[in-house]
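For reference, the structure is listed below as structure tokens.
The values are calculated or read from the model by the stated rules, or taken from the named source; none is laboratory data. Nothing here was measured: the structure is a model prediction, and the numbers come from that model. All Cβ positions, even for glycine, are placed from backbone atoms using ideal geometry, and neighbour counts span all protein chains on display.
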Amino acid sequence: MTAPILRSLAELRTKTNEWHRNGETIGVVPTMGALHEGHLSLAQAAKEGCDRVIVTIFVNPKQFNNPEDLANYPRTEHEDAKKLAPYGVDAIYVPDPHEVYPDGFSTTVSVAGLTDMMEGPFRPGHFEGVATVVAKLFLQTQADRAYFGEKDYQQLLVVRRMARDLNIPIEVIGCSTVREPSGLAMSSRNLLLSPEGLRVAERMNNVMRHVADGLATGKDFAPLAQEAKENLLQAGFSEIEYIDLRCAETLENLSKASKPARLFVTAWAGGVRLIDNIPVNPV
Ligand code: PAF
């Protein structure tokens, strides 16, 4: 059975107030729709960890720095609701835009530090848009736990910091990236790849694993990163924006796997910008 679709804050609060009155915990999975198996794994994790689950679907205009990207973003509400049906989700919150950004809305949530690197400089305003909408969704849903994919690892840390700094009483839980058999991280953007672009994109994870293997033997990151860049270009990627090894907690740059780390890569294949990251254990 498909979950009820709620479009107003009043409808949402009727449900959440009742659930909390009954002592039930609420999990939220914030999404922009166009759901794939990565999102569905978050819904499943939420269902396993909470009594009630809300999936939110809102294409947030404030986090797009390119109006064309926003206009082209897939809107597939009906299919999304059908995909969620087997997961026993209790409500799908698809807020009318004025419920999120009413007339005169003039607040921006900005997280310093964690947003100064990687995606931050490449996508000005993006993380402010994310932090602002996620703060609203946390407060509107009154959820006890929120589930985010590690695919957008920087976003996960930004959101966790934002909730902590603003004393929003919610636990932010990161869930492993879901991958295609080729290792390609699931992403709504994969739908934009041509068959040739997909063939190129599928090589990314292999190149990343090769770097992680080198780090595991105690090698320095710089030569491994240079080799990875060459390998990606040879595989058909047209541009490599960054290959970074960073502390998994603070995102500070590392020259070796000296503490729990993540390896981040952002590169273009077939006109599509792809981002990925994998964990790297300390040696
Ligand atoms: O990761 C996403 O889909 C979005 O950035 C999020 C967290 C739903 C905020 O709009």
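Observations, loosely collected:
- Of the residues Gln142, Gln154, the single one that is touching an Asp or Glu at 6+ places or on another chain (Cβ under 9 Å) and not β-branched (Val, Ile, Thr) is Gln154.
- Restricting attention to the stretch 101-121 and to residues that are within 15 Å of the ligand (Cβ to nearest atom) and outside any loop (DSSP other than H, G, I, E, B), the residue that is surrounded by the most Cβ atoms within 10 Å (Cβ to Cβ) turns out to be Glu119.
- Qualifying residue in the stretch 257-279 (condition: more than 22 Å from the chain's Cα centre (by Cα), at pLDDT 95 or above, farther than 17 Å from Phe122 by Cβ and charged (D, E, K, R)): yes
- The residue of the stretch 4-40 that is surrounded by the fewest Cβ atoms within 10 Å (Cβ to Cβ), among those that are within 16 Å of the ligand (Cβ to nearest atom) and not hydrophobic (A, V, I, L, M, F, W, C), is Glu37.
- Only one entry of Asp80, Asp69 meets the criterion of being modelled with pLDDT under 95 and among the charged types (D, E, K, R), and that entry is Asp69.
- Checked against the criterion of being in contact with a Leu (Cβ under 8 Å, 6 or more places away or on another chain) and surrounded by fewer than 18 Cβ atoms within 10 Å (Cβ to Cβ), the stretch 44-56 contains not a single residue that satisfies it.
- Only one of the numbered conditions (1) among the aliphatic types (A, V, I, L, M); (2) farther than 21 Å from Leu184 by Cβ; (3) surrounded by 15 or more Cβ atoms within 10 Å (Cβ to Cβ); (4) without any contact (Cβ under 8 Å) to a residue 40 or more places away in the chain is violated by Ala257, and that is (4).
- Just one of the listed residues (Asn66, Asn17) is within 16 Å of Gln142 (Cα to Cα) and of a type outside the set (D, E, K, R), namely Asn17.
- One residue alone among Ala131, Ala81 is more than 13 Å from the ligand (Cβ to nearest atom) and either in a strand (DSSP E or B) or among the small types (Gly, Ala, Ser) (or both), and that residue is Ala81.
- Cβ-Cβ contacts under 9 Å between residues 6 or more apart (or on different chains), taken from a first residue in the stretch 12-28 that is in contact (Cβ under 8 Å) with a residue 40 or more places away in the chain to a second residue that is part of a helix (DSSP H, G or I) and of a type in the set (Ser, Thr, Tyr), are listed as Leu12/Thr141; Thr16/Thr141; Ile26/Thr16; Ile26/Thr141; Val28/Thr141.
- Among the candidates Leu224, Leu193, residue that is among the hydrophobic types (A, V, I, L, M, F, W, C), more than 21 Å from the chain's Cα centre (by Cα) and at pLDDT 95 or above: Leu224
- All positions within the stretch 141-176 that are out of contact with any Lys or Arg (no Cβ under 6 Å at 6 or more places or on another chain) and acidic (Asp, Glu): Asp144, Glu150, Asp152, Asp165
- Annotation: of all residues in the stretch 148-184 being more than 22 Å from Met118 (Cβ to Cβ) and in contact with a helix residue (DSSP H, G or I) (Cβ under 9 Å, 6 or more places away or on another chain), the one that is surrounded by the fewest Cβ atoms within 10 Å (Cβ to Cβ) is Pro169.
- Selection count where residues are within 8 Å of the ligand (Cβ to nearest atom) and more than 16 Å from Arg262 (Cα to Cα), scope the stretch 134-163: 4
- Residue match in the stretch 63-70 (condition: of a type in the set (Phe, Trp, Tyr), in contact with a helix residue (DSSP H, G or I) (Cβ under 7 Å, 6 or more places away or on another chain) and under 21 Å from Ala146 (Cα atoms)): no
- Of everything in the stretch 44-66 that is within 13 Å of the ligand (Cβ to nearest atom) and not in a loop (DSSP other than H, G, I, E, B), the residue that is nearest to Thr14 (Cα to Cα) is Ile54.
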